[in-house]
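Data first, discussion second: the structure below is written as structure tokens.
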């Protein structure tokens, strides 16, 4: 007895010490974070520009200066520059004239990164000032000025095996030059241009996967425009066409009008929207035409060079005087050309989500117009172009916008303390896991409130922590009701599902399926769950690591390995008890970190809370209820049905959640934990959606502080943390992201271990010893964790636009049938095991057909999969009726038994 008491006292002493030590560490971390209030350098984006010789190495070029108005694009790893114009004999004021080129030049980088001529060829005819876009198949050249007039020809230039191939495409309906073009998916869009009648308002689309359909005429551009800049870029909801500036001359005007307009065309809506006009950093409107524009990162467009039109308009007026017989006008025109001040030096950046502008720097040297900017081997390049009227440049300009993430030693210290704390937690609970009942159910020792917080932390993964703010930043609050579905589902789970999990004392949720149907159904469900969880572990490891890599500089592979290994150690050593108490700690870190971040955001908005409300209300960022009947969009009905279905699936068929039901002392305590989780979801969801709205207001007030090279919108919250939060506090918030990932990972690993041990090993090895069963439990968790890490490392080369979208699509595809099995078993006694299996397979086929052949929102995949599986199973039950006695295992029979 004395030994037992000594062991008990030692455990209590260690527990007290551990708690005190943890509290002290957390206080020290918070103190360090709060006293260090220096912000990161507000100059987040760094612009570098290099000038490299290009045309000087081309002997066949008629002009020593270079070319302007060339078709420019990239095919494979080569840069193609085709056609263009120059003044090889002399300038117009010297009696020279513009000559067009038919030369095609192909460049590749040498070992030092300099462009070298790889080959040359000829166009079908001399052309300049056409539109061009890069396709996977090559450079598509559209229209332009030829020696005989405007061209309507369209052709593809492909560089294959060091040979140029020219492929004819459908002609334009109207010949134009100076049009703007961009690509979205398989569609090439052409905007405006100058026709024989002047600036055009035409808007055309070509489906490159169906060339026989030719160019389709779409809704006209709001204003006739020539020399505009068109870019395809994500706007938060979809990839849209953005058209900037341009010029046009009306018949009754002396000179051309240069536009400050910005228009957006969303393919899903098919209409034009006018956005905020182009502005410089000082707020002054900036008209611009014949400049260069390119998409940068996930939601920015950079505009460089171009003509603001001041001198151009004066030249036009002088020409008008010449035509009217003014003898002094020619000298005036020539003087304007010779003394031209040059083109736009300001490099402007536009955020397609916040609809804001900022200046990223100035052009070094002579800025150009009448050229194209394309991405080539990680740099934005502009070959040639016009630096003054009738004057070309032989140089290639190379631009790079970089962000050097500085995380700092204090932030790394905070992360180190967090990881060490998680490892100690696992080792502490290791001595208490003496049986599989302890390892998987904690012997019923978990308080209901801790179980509720654990369920909450498990469902709130790092994907949610990063992606919900990103979603409300990019769009609005329409997805909010998706998170509120738990309030409607909680009473259903407690009344209809929980009794079967608690009163029959099943080891796993899928043991019920054998009792209700047969072993084949149990094993199918268990196998689906294991496959789903391994995939989920990989996604939960990979996606946050991808976002963190973009903003902190963490090596993505190292982040995956560290998160995975630490989680495997503490959850396989300490079992479900370590998982639950780890979730409690991580839950507090998550919510506390969210509050701290929100406070810093509001403090950084111009006008504080009032400015925040003004910005977000003006842009309708709190829009929640959309009652349209468009099931391809996140309207109210889609969000509601999808949220109810996905929540029901998670809380009835996901072992990582159901397992928490077994850790409390009784059914009442479990019900309390489910309600606590539901009620926690309301304020916490509000906080996370507010974070995204706060990010929108902050970056609307401070557009220059956002890293323009972020590879996806989901990086917006981590980037704010690293760039704008004080050292120490930033480390705590990044630790919160790791905590969110690890709380989900630990639950996933432990639940898969439970399924492998209970649903497979115990069934197949009935004579297995207690020691061997515990070994299987731990080793299965380790193996599953390692498999998840390996799969995450494989995913590290993929680029996914939205974490939450992809995760919910994945969830709906894989789990709809799993949730359907429990609905069938509990509510439909007529469905047999074979009918259930056939229903699940049929439901998966239906869901894949819906996914591939309809535009139904991914949010409904879970609902469609579950509903289709149940309905098909009911049909199959007509020919495969249930002959098994299921007394007590369906809701009706349970009611009769009671």
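Structure values in brief
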{"quantity": "q = 0.13, 0.23, 0.27, 0.29 Å⁻¹, region 229-297: log10 I(q)/I(0) [Debye, one scatterer per Cα]", "calculated": "-0.43, -1.07, -1.23, -1.28"}
{"quantity": "With eigenvalues of the C-alpha gyration tensor scaled by 5 and rooted, region 465-543, Å", "calculated": "32, 20, 9"}
{"quantity": "Gained length - residue 883 relative to residue 856, 0.36 nm times residue gap less alpha-carbon distance", "calculated": "5.9 nm"}
{"quantity": "Residue 162-residue 413 FRET efficiency (beta carbon distance; Förster radius 56 Å; 0.05 resolution)", "calculated": "0.55"}
{"quantity": "Footprinting exposure proxy for 127, 691, 609, 150 (fewest neighbouring C-beta atoms within 10 Å first)", "calculated": "609, 150, 691, 127"}
{"quantity": "Per principal axis, descending, Cα span of region 230-364 in whole Å", "calculated": "57, 35, 21"}
{"quantity": "Cut-off 18 Å (backbone N to label point 7 Å along Cα→Cβ of residue 51), residues of region 80-117", "calculated": "114-115"}
{"quantity": "Alpha-carbon Debye profile of region 287-339, log10 I(q)/I(0) at 0.22, 0.30 Å⁻¹", "calculated": "-0.79, -1.06"}
{"quantity": "For region 351-366 and region 502-553, distance of Cα centres in Å", "calculated": "46 Å"}
{"quantity": "Rule-of-thumb Rg ratio for region 327-415 [Cα; 2.2 N^0.38 Å; N residues]", "calculated": "1.65"}
{"quantity": "Computed over region 184-262, the ratio Rg/Rh where both radii use C-alpha atoms and Rh is Kirkwood", "calculated": "1.03"}
{"quantity": "Computed label-point distance, nm, for sites residue 98 and residue 505 using a 7 Å Cα→Cβ extension", "calculated": "8.9 nm"}
{"quantity": "Cα centroid of region 260-300 to Cα centroid of region 710-753, whole Å", "calculated": "33 Å"}
{"quantity": "Peptide ranges 624-632, 115-123, 250-258, 558-566 listed from the most packed, as the mean C-beta count within 10 angstrom indicates", "calculated": "558-566, 115-123, 250-258, 624-632"}
{"quantity": "Ranking of 827, 343 by count of other Cβ atoms within 10 Å, fewest first", "calculated": "827, 343"}
{"quantity": "Sites residue 769 and residue 496, calculated FRET efficiency, Cβ-Cβ separation with R0 51 Å, nearest 0.05", "calculated": "0.85"}
{"quantity": "Inter-label distance, nm, simple model (7 Å from Cα along the C-beta direction), residue 184/residue 210", "calculated": "1.7 nm"}
{"quantity": "Cα-based equivalent ellipsoid, region 683-729: semi-axes from gyration tensor eigenvalues, Å", "calculated": "18, 13, 11"}
{"quantity": "Rotationally averaged projected area of region 488-529 (alpha carbon convex hull; nm²)", "calculated": "3.3 nm²"}
{"quantity": "Principal axis dimensions, largest first and in whole angstrom, of region 813-861 by Cα", "calculated": "35, 17, 15"}
{"quantity": "Percentage, to the nearest whole number, of Cα pairs in region 616-727 over 22 Å apart", "calculated": "56 percent"}
{"quantity": "Debye equation applied to the C-alpha atoms of region 102-162, log10 I(q)/I(0) at 0.15, 0.28, 0.30 Å⁻¹", "calculated": "-0.53, -1.22, -1.28"}
{"quantity": "Rg and Dmax of region 83-187, Cα atoms only, in Å", "calculated": "15.4, 47"}
{"quantity": "Segment residue 519-residue 252, extension gain: residue separation times 0.36 nm, minus the distance between their alpha carbons", "calculated": "87.7 nm"}
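Quick note: the coordinates plus some simple rules give every number you see, no bench work behind them. It should be emphasised that the depicted structure is a prediction, and the values quoted were computed from it without experimental measurement. Ideal geometry is used to build each Cβ from the backbone, glycine not excepted, and the neighbour counts take in all protein chains shown.
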